[in-house]
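Everything on this sheet refers to the single structure shown next.
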Amino acid sequence: MDTRNDELAKVKNQVYKPMSDATILIKAFNGIHSGFVSSADLGGSTVLFRNSTEMTNGSSEFTYGTHATTSTRDLCCALSELESASATFLTSSGLQALTLSFLALLTRGDHVLISDSIYEPLRSFCKTILPKLGVTVNFFNPKNLFTFKTLFRSCTKLVHLESPCSNTFELLDVRAICKYVKSRNPKCFVSMDNSWSTPLIFKPLRNGVDLSINALTKHISGSSGYVVGSLAVSEALIPIISLYHSLLGVSVSDEQCIVLLNALRSVRQRLKTHHESTLKIVNLLKCSPNVGKIYCPALPSFKGHKIWLRDYENLNGQISFELINNKYSLSPSELSDRFLNRLQIFGLGWSWGGFKSLASLVDCTSRLYKPLTSGPIVRLHIGFEDLNDLSWDLNNALNLPEC
Ligand SMILES: *Cc1c(COP(=O)(O)O)cnc(C)c1O
C-alpha cells in the first residue's frame, strides 16, 4: 500500500515543473485510496497486525495510535513539505512544542540564549524549570545583535529565536544569526518559533535554523477552535526529538489533524486577506491623534522593515500601537480600559490568527529590554469582519471618554 510520502513523490513526478506550496497541498494530500478530496481516516489506539512477526519486528507503518496514525502522518508530511524539514512532530499545544524541544536538547551545564521579546509563557518555563535542570539562560536584545554576540558562550547549546517577535514585532536577521552561531560552534542548535509566519510566509530551515516551531492553534487552524503545535526538524534532530516525543507520551487527536490539514489549504489566501486589511487599519490608525507609535513591520519607518521586505513581505493580521491621550488626564490603565471597553466589534481575547478581530493589552513588564513608550500598548488582530465596521469600531473607541 502506498504511503503519503510515496503519493507526494508520485504527484511531484507527474507534474513537469516545481509546484508551489499551495498546489502541492491540494494535489498531494487528498484521500490516497478512497478517492475523497479530503482525507479523513479516524485512527485510534490499537493497530491489528497480520501475524506475530509483523507485531514484533516493527516493519509495519503503523504500530500504535500514539506513535502515528494516517491523519497525524498526513499532517506531518504536509508540514515537512512546507517547512523543507526531514520530519515533523505534533504536540498538544504550541507551548508544548517549545518546552519539548528545550527538554530534549538541553542538559546540565548547558547555556541557552533567547530573544528577549519571546512568547511570554516560554520565559516562565525557562525561569521555573531550567534552573532545576542546571541549565543557564540569557535573554538578548532583539534590536541589538551586539548583546547576542557578547552573550554567546562556548557552552551555548541552543539559541532560540522568534521573528517578528511577540507583540512588538522586532525583526531578526535569522540567516545572519544562524551563520554566526554555526561559525562559533557547529554543535549549537538554533530553534525558531515561526508561529507569526507559518511556513507559508517564512521557512526557517531554509535559512539555517535546525528546528522550526509552530503554534498551529493560530493561523493554521484559523478558527480559534483548536490548540495544537508542531515541531519541524532537520535530519540530525530526528532521533532526540522523536525519543522525547515518545517518552513524554505526546499525542494529538485524529479529528484535529483532519481539520488542520483541510485548513492548511486555505492559509495562504487567509494570510493575504489579513495582510490587506491590516494595511488599511494601519492607515486609519496613522490619522488618529490618540495613536502614538505603531508597531508594524510594513511601515518604512519601523526598525527591521528592510528585513521584513527581504524575508516576509506579508503581514499576518497583527499590529500593536501606543495609546496616547493629551486631552483628558487619564492614567495609563484608565486609558487602556476605556479604549478596550468601548470596542464593540473587536473582541477582547488572547491569541490571534482566526477570523475574529481581537484586541488585548501588551504587557512588557517581565522583559529586560522594555520598549520606550509614552502610553499603554494595545495589540490588534485584524480578522475577517467588514473593514468599514472595524474602522468604525476603532474610531469610536479611540475618541474615548464614556465610562
Ligand atoms: C500562541 C503562541 C504560542 C503557543 O501556542 P499555544 O498553542 O496557544 O500553546 C507559541 N508561540 C507564539 C509566538 C504564540 O503566539
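Quick look at the numbers
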read-out	value
Cα-Cα over 30 Å, subset of K187/K370; K17/K203; K10/K182; K187/K293	K187/K370; K10/K182; K187/K293
Three semi-axes of the equivalent ellipsoid, segment 31-148, Cα gyration tensor, whole Å, largest first	39, 19, 12
Cβ-Cβ FRET estimate between L243 and K27, R0 fixed at 35 Å, reported to 0.05	0.55
Radius 11 Å from Cβ of L211, net charge of other residues (Lys, Arg +1; Asp, Glu -1)	-3
Surface accessible to a 1.4 Å probe, per residue, for the residues of the chain, Å²	45 Å²
Under 5 Å, built H, 5+ apart or other chain: amide partners of S320	Y295, L380
Linear extension gain, V11 paired with K327, 0.36 nm per residue minus alpha-carbon span	107.5 nm
Euclidean distance between Cα centres, segment 302-329 to segment 29-92, Å	41 Å
Ellipsoid semi-axes in whole angstrom, largest first, where each is sqrt(5λ) of the Cα gyration tensor of the chain	38, 26, 19
Carbon + sulfur, % of accessible area of segment 122-281 - ligands and nucleic acids excluded, 1.4 Å	56 percent
Sulfur and carbon atoms: percent of accessible area, segment 283-403 [1.4 Å]	53 percent
5 angstrom amide H check on S253, placed H, neighbours 5+ away	none
Proximal lysines relative to K132, as straight alpha-carbon distance under 20 Å, when same-chain residues fewer than 8 apart are discounted	K157
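The values are calculated or read from the model by the stated rules, or taken from the named source; none is laboratory data. Small disclaimer: the values here were computed from a predicted structure and weren't measured. Note that we place each Cβ from the backbone using ideal geometry, even for glycine, and neighbour counts take in every protein chain shown. Note: areas computed on protein heavy atoms with side chains; ligands, DNA, RNA excluded. Shrake-Rupley method; radii C 1.70, N 1.55, O 1.52, S 1.80 Å.
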